[in-house]
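The values are calculated or read from the model by the stated rules, or taken from the named source; none is laboratory data. Quick caveat: nothing in here was measured; it's all calculated off a predicted structure. Please note: Cβ atoms are built from the backbone with ideal geometry, for glycine as well, and neighbour counts cover all protein chains shown. Just so you know, the surface numbers come from the protein's heavy atoms only, side chains and all, with ligands and any DNA or RNA stripped out. Shrake-Rupley method; radii C 1.70, N 1.55, O 1.52, S 1.80 Å.
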Amino acid sequence: MLTPMDIHNKEFKRGFRGYSEEDVDAFMNNIAGDYEKVYREYCELKERCDSLQDKLTQYEKMEATMNSTLMLAQQTAENVKVSARKEADLILQEAESKKQKMLDETMMSLQNSQQEWEKLKAQTGAYRAKCKAILTSQLRLLDDMAADGEGNAADILAQSDMAPAVSVNEKSAQQARPDQGRQDGGKKDAPKSK
């Protein structure tokens, strides 16, 4: 590129009847001054342009890095989301499994308790029936023994002078307890104790 110094140092060949040397020199000096200004501005603009180009390149690199980082962050976030979803599903499955296991154990325990209750209820009923049968049998035995005791007393009194009085007493006792007036005293109906 032509520099202001090139214009300033430029010399032309002298020819016959050429241009005025002073006018040409004056014009060349003006051109050299203006061209120097333009050339200086051009250099400054070129430097600015180079600087801006460097900054633009730097910004483009930063943009690429940021885009790459953003994509990596999005991918990481998606991976974290998927991982969290899987972990949440696993936790829910484990909780459901534990809940089902606890329900099964509770139902089993409830069934066992109910079976135990039914067994105890049956044993209690059987024990009550057995006790009742024993008590009934003992009461009949006592009644029979009392009836036998009265009969033996009547026989002894009959042999003595007090037979008519005892006979009257025995009849009144039989009337008071009609079911116990017989000698057998209902032994046939009394169940045997186990």
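For the stretch 104-137, the set of residues classified as open to solvent by 70 Å² or more (accessible area, probe 1.4 Å) and in contact (Cβ under 8 Å) with a residue 12 or more places away in the chain consists of Lys130 only.
Looking across the stretch 1-23, the residues that are modelled with pLDDT under 70 and either among the aliphatic types (A, V, I, L, M) or open to solvent by 100 Å² or more (accessible area, probe 1.4 Å) (or both) come down to Met1, Leu2, Phe12, Lys13, Arg14, Phe16, Arg17.
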